[in-house]
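Notes follow the structure.
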Amino acid sequence: MKKIKVAHIITRMVKGGAQENTLYTVKHLAPQKYDTYLISGPPLGGEGSIEDRIPPHVKFVKINELIRPIHPYKDIIAFVKIFLLCLRENFDIVHTHTSKAGILGRWAAKLSGTRIIVHTPHGHIFYGYERELSAAFYAWVERITAWITDTLITLTERGKIEHLERGISSAERIKVIYSGVEIEKFSLPRDKISQRRALGLPEGAKIVGCVGRMVPVKGHIHFLEAACMVKEKYPEAYFVLQGEGPLKKELMEKAKSLSLSSCCMFLSSATPVQKVFSSLDVFVLPSLNEGMGRVLVEAMATGLPIVASRVGGVPELVRNGINGYLVPPGDEDALAASITSLLKEPALASRMGEKGKEMSKKFSAQRMLAQIESLYKELWEVKVNGRISC
């Protein structure tokens, strides 16, 4: 039987939820059924490359002009290269990821005659990015490009609603598939003391952590402001921020100006995130916008109680008062109050952590892959074999 030739296209392969999701998918698509390609631009930025983790059976093609910022000259070259590749390889399925690769990749696939086109936006820029004109333009381009997309995959039900509210695609052409996490990597028994020793963290402190790219939309500045308030009420609290990004230096200066230097540690993305989670008492995600918040699943699988912003699909993972607390985005008082509540009530924090661990199983990587393969099969039956979908 002829293998189905499928190409996944993403702007860059760096440490991040969209990239981990894509890597897991291409790595585990059944090799007896699929001939899998991965097309990506250079791993620019400070997050760190994950290209070395791409398995040998996946054909990796790098297009150096495929970059995140809008760059008319490079964007045209990237488009032409993707188009010629699609034309030469005659892919059966092109599955794009994130905004830039999603626009260029889908139009290149359509014009080259690709039969099945799928897109996973891994979130959106409809709000929280402080670029209203860019967001409006992006939504308009997405509406147009949705016409040539067979299925758009959103990471949460809320993500589906937000796309429909802006006229992007139709309900029957949007499928919700939660971003999958390899739960087993995070659900091992925790040795909190040894991990703290290894990271140079105080062994007896109550440690609150935040993990993510250091960019404005992730809300780290609000985390630091809240940390200052928590410190006033809970002097033994300690704070950890892990990640890379353009705001890192500014955030370090902010921590210094808030007199948090003695109780705050910045860790690089080179530190295994499992070790960071294992050292924490509370995990915080103060984002202003999130497609899903895949890092929440990792923290939940570790058994951590959560404090997170009520944005995007986050409420589908964090149930207020059940496995954590939800607060309004940018509300530093509410953020501090919720963190303090968990620090003062360790029994409650423990119960929430255990509940989150149980809930995390719903978001396994195996389940995500099975749903993606099922979608491919369904589209193949309709588009190639001509069978009517029920």
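The values are calculated or read from the model by the stated rules, or taken from the named source; none is laboratory data. Because the structure is a prediction, the values reported are computed rather than measured. Glycine gets a Cβ as well: all are built from the backbone with ideal geometry, and neighbour counts include every protein chain shown.
Overview of values
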quantity: Qualifying residue in the range 348-369 (condition: surrounded by fewer than 22 Cβ atoms within 10 Å (Cβ to Cβ), of a type in the set (S, T, N, Q) and within 25 Å of the chain's Cα centre (by Cα)); calculated: yes
quantity: Selection count where residues are without any contact (Cβ under 8 Å) to a residue 12 or more places away in the chain and among the charged types (D, E, K, R), scope the range 199-249; calculated: 3
quantity: Yes/no for residue 117 being modelled with pLDDT of 95 or more, assigned by TED's automatic domain parsing to the domain that holds residue 36 and more than 30 Å from residue 310 (Cβ to Cβ); calculated: yes
quantity: Conditions (1) of a type in the set (Lys, Arg); (2) under 28 Å from residue 267 (Cα atoms); (3) surrounded by fewer than 22 Cβ atoms within 10 Å (Cβ to Cβ): number failed by residue 12; calculated: (3)
quantity: Total residues in the range 134-169, condition under 18 Å from residue 116 (Cα atoms) and under 20 Å from the mean Cα position of the chain (by Cα); calculated: 5
quantity: Among the residues listed as 309, 279, 269, the single one being in contact with a Pro (Cβ under 9 Å, 6 or more places away or on another chain), small (Gly, Ala, Ser) and either buried (at least 19 other Cβ atoms within 10 Å of the Cβ) or under 11 Å from residue 209 (Cβ atoms) (or both); calculated: 309
quantity: Check on residue 330, in contact with a helix residue (DSSP H, G or I) (Cβ under 9 Å, 6 or more places away or on another chain) and surrounded by fewer than 24 Cβ atoms within 10 Å (Cβ to Cβ); calculated: yes
quantity: Tally of residues being acidic (Asp, Glu) and within 15 Å of the chain's Cα centre (by Cα) across the range 1-52; calculated: 2
quantity: Number of positions in the range 232-254 that are within 21 Å of residue 202 (Cβ to Cβ), touching a Phe, Trp or Tyr at 6+ places or on another chain (Cβ under 8 Å) and assigned to a helix (DSSP H, G or I); calculated: 2
quantity: Selection from the range 215-228 of residues that are in a loop (DSSP other than H, G, I, E, B) and crowded, with 22+ Cβ neighbours inside 10 Å; calculated: 219
quantity: Single residue of 375, 343 found to be among the aliphatic types (A, V, I, L, M), out of contact with any Ser or Thr (no Cβ under 9 Å at 6 or more places or on another chain) and surrounded by 17 or more Cβ atoms within 10 Å (Cβ to Cβ); calculated: 343
quantity: Members of the range 174-206 that are under 24 Å from the mean Cα position of the chain (by Cα), surrounded by 14 or more Cβ atoms within 10 Å (Cβ to Cβ) and assigned to a helix (DSSP H, G or I); calculated: 183, 185
quantity: Qualifying position, being in contact with a helix residue (DSSP H, G or I) (Cβ under 7 Å, 6 or more places away or on another chain), crowded, with 19+ Cβ neighbours inside 10 Å and at pLDDT below 95, among 243, 212; calculated: 212
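Conditions (1) at pLDDT 95 or above; (2) in contact with a strand residue (DSSP E or B) (Cβ under 7 Å, 6 or more places away or on another chain); (3) more than 23 Å from residue 218 (Cβ to Cβ), marked per residue:
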| site | (1), (2), (3) |
| --- | --- |
| 125 | no, no, no |
| 136 | no, no, no |
| 147 | yes, no, yes |
| 159 | no, no, no |
| 176 | yes, yes, yes |
